[in-house]
Every structure is written in C-alpha cells, then in structure tokens.
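Where a number appears in this text, it was derived from the coordinates with a stated rule and is not lab data. Only a predicted model underlies this, so the values are computations on that prediction, with no experimental measurement involved. All Cβ positions, even for glycine, are placed from backbone atoms using ideal geometry, and neighbour counts span all protein chains on display.
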Amino acid sequence: MQALLAINRLETAALRVSLWNGMDQMKKQWLMVAAAAAVFSVNVAAADGKAVYEKACKTCHEIGLAGAPVNQDKEQWAPRLQKGMDALVASVNNGLNAMPSKGACFDCSDEDFKAAIEYMVGK
Ligand code: HEC
C-alpha cells in the first residue's frame, strides 16, 4: 500500500514536470507574468496611498468639504502634521467632527490611512 502510494506520488510529480516541459514558450511566459502580477497587486493593495485616497477620502478632502484639510494643500496640512502621524491615524479611526469614524472606510487598515495621509499632505 505504502509503496503504491509512493509510486502514485512519483507519477504525479513526473506528470507535472512533463506538463511544464510540454508547454510552449508562450504559455510559460504567460504563467510567469500571471504569477508576478499576483504578487505585485498584493503589494499595491498594502500601501498605495493615492488609491486609498481616491477610494475613501477624496469625496471630502478634494474640495475641503465641512472644513476637511484639502488634498495636496501643504499650508492646511502643516498644523495637522504637528500632531504627529500616530495622532492623525487615531483621528481617522475615531472620527473627528464632520469626519466619520475610519473616514467611512471600514476595510482600511492603519497602514492604509497612513499611506493616504502621506499622499494628501503633498510632497
Ligand atoms: C465625510 C467626509 C470625510 C471623509 C470621507 C474623510 N474625511 Fe478626513 N476629515 C474630514 C473633515 C471634515 C476633517 C476636519 C475635521 C476637523 O478638524 O474638524 C478631516 C480631517 C482629517 C485629518 C486631520 C485629523 C486631525 O487630527 O487633525 C486627517 C488625517 C484625515 N481627515 C484623514 C482622512 C483619511 C485618510 C480619509 C480616508 C480614509 C478621510 N480623512 C476621509 C472629512 C472627511
């Protein structure tokens, strides 16, 4: 029984290798690109401040709705930045006056908020 199982596994492995070798170059390249893209998109989701901003913060921070500091306006952001990044992330999590808790982005992480703030304050 054990031996049969082992042979079975060997055959499966051999089949995989021969499948890979039997693939034409195009298919292999496509698979590589697909694998690379999968890894890449995870990285983007983790820390793309601009993407978080556009998805969750833009509605208010683009035009300064209800006194929101305006995107890329360094003067408006300067006094806020003096509180420190941790305090700003906490403000988003807790909400602040007209800003709803978590900026209404409930699947956003602290990292997402931090990235979005870094994007909004301008370079
Ligand atoms: C519904 C409108 C709205 C949305 C959506 C919103 N904000 Fe705000 N935000 C505000 C307003 C209004 C203020 C100013 C609050 C005040 O100081 O009275 C503010 C202030 C802030 C501040 C300064 C906090 C402080 O302590 O001074 C940060 C940082 C911030 N927002 C980040 C974000 C981020 C990041 C997002 C997106 C995830 C977001 N906001 C989404 C309305 C919004």
Show me, for segment 67-78, the HN-Hα J-couplings you get by feeding each phi into the Karplus relation (A = 6.51, B = -1.76, C = 1.60, θ = phi - 60°), rounded to Hz, glycine and proline as x.
x, 5, x, 6, 3, 6, 8, 4, 5, 5, 7, 3
Likely footprinting exposure, LEU65, LEU19, LEU88, fewest C-beta neighbours within 10 Å first
LEU19, LEU65, LEU88
Working out 0.36 nm times the residue gap between LYS74 and ASN93, then minus their Cα-Cα distance, what length gain in nm do you get to one decimal?
4.6 nm
Taking Cα pairs closer than 8 Å and at least 6 residues apart, the relative contact order of segment 78-123 in percent is 28
What is the spin-label model distance, in nm, from ARG16 to TRP30 if the labels are put 7 Å beyond Cα along the C-beta direction?
2.1
Sequence-distant or interchain residues sharing an amide H contact under 5 Å with GLY122, placed H: which?
GLN72
Residues VAL17, VAL89 arranged by fewest to most Cβ contacts within 10 Å
VAL17, VAL89
Taking neighbour counts of Cβ atoms within 10 Å as a proxy for exposure, in what order, fewest first, do SER109, SER18 appear?
SER18, SER109
Per the rule of 0.36 nm per residue minus the C-alpha distance, extending LYS123 to LYS83 adds in nm 12.6 nm
Expressed in nm to one decimal, what extension gain is obtained for the pair ILE63 and ASP48 from 0.36 nm per residue of sequence separation less their Cα-Cα distance?
3.3 nm
Give me the lysines in straight-line cross-link reach of LYS50: C-alpha distance below 30 Å, same-chain residues under 8 apart excluded.
LYS58, LYS74, LYS83, LYS102, LYS114, LYS123
